[in-house]
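Engineer: One structure is given below, represented as structure tokens, and several questions about it will come after.
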Amino acid sequence: MPTLTLYTRVGCHLCEQAEAALRALDYRYEALDVDRDPALRDRYGDDVPVLALAPPGGPERVLLKGVFSRGRLSALKLQLLREEAKGRGQKAES
């Protein structure tokens, strides 16, 4: 399972709920406060929390924004695990 990036800000109740749900489902993630970086603040503004994946050698992909329910996060985890397994299968064929 890849390490994801959670864009957040201090005092955001949705961000706090997202972090709690991510921890409960054993996600690996790095939380970044958008207010500490002007470029991130410009990119995300008030659209936090944002969960993103930056695959090696690829562009960042936004996975979720806003309310992160356990159902949405569980479905996302299954999707990411399938993608990871598919990627491993393609590498083995090479």
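The values are calculated or read from the model by the stated rules, or taken from the named source; none is laboratory data. Fair warning: this is a prediction, and the values are worked out from it, not measured in the lab. Note that each Cβ is placed from the backbone with ideal geometry, even for glycine, and that neighbours are counted across all protein chains shown.
Engineer: Can Ala24 be described as of a type outside the set (Asp, Glu) and surrounded by fewer than 16 Cβ atoms within 10 Å (Cβ to Cβ)? Before the answer, list the steps.
Structural biologist: On the way: of a type outside the set (Asp, Glu): yes; surrounded by fewer than 16 Cβ atoms within 10 Å (Cβ to Cβ): yes.
In short, yes.
Engineer: Just a yes or no: is a residue in the range 52-63 among the aliphatic types (A, V, I, L, M) and exposed (fewer than 12 other Cβ atoms within 10 Å of the Cβ)?
Structural biologist: Taking every residue of the range 52-63 in turn, none turns out to be among the aliphatic types (A, V, I, L, M) and exposed (fewer than 12 other Cβ atoms within 10 Å of the Cβ).
Engineer: Do we find a residue being aliphatic (A, V, I, L, M), out of contact with any Cys (no Cβ under 6 Å at 6 or more places or on another chain) and surrounded by fewer than 17 Cβ atoms within 10 Å (Cβ to Cβ) anywhere in the range 43-50?
Structural biologist: Going residue by residue through the range 43-50, those that are aliphatic (A, V, I, L, M) are 48, 50.
Those still in the list that are out of contact with any Cys (no Cβ under 6 Å at 6 or more places or on another chain) too: 50.
Add one more test, that the residue is surrounded by fewer than 17 Cβ atoms within 10 Å (Cβ to Cβ), and what stays is none.
No, the range 43-50 contains no residue that is aliphatic (A, V, I, L, M), out of contact with any Cys (no Cβ under 6 Å at 6 or more places or on another chain) and surrounded by fewer than 17 Cβ atoms within 10 Å (Cβ to Cβ).
Engineer: While we're looking at this one, here's another question. Is there any pair with a first residue in the range 65-76 that is on the phi < 0 side of the Ramachandran plot and in contact (Cβ under 8 Å) with a residue 12 or more places away in the chain and a second that is surrounded by 15 or more Cβ atoms within 10 Å (Cβ to Cβ) and among the small types (Gly, Ala, Ser) whose Cβ atoms are under 7 Å apart and which are 6 or more apart or on different chains, and what are they?
Structural biologist: Phe68/Ala18; Phe68/Ala21; Arg70/Ala21; Leu73/Ala21
Engineer: Now for a separate question. Can you find a residue in the range 14-33 that is modelled with pLDDT of 90 or more, among the basic types (Lys, Arg) and part of a loop (DSSP other than H, G, I, E, B)?
Structural biologist: yes
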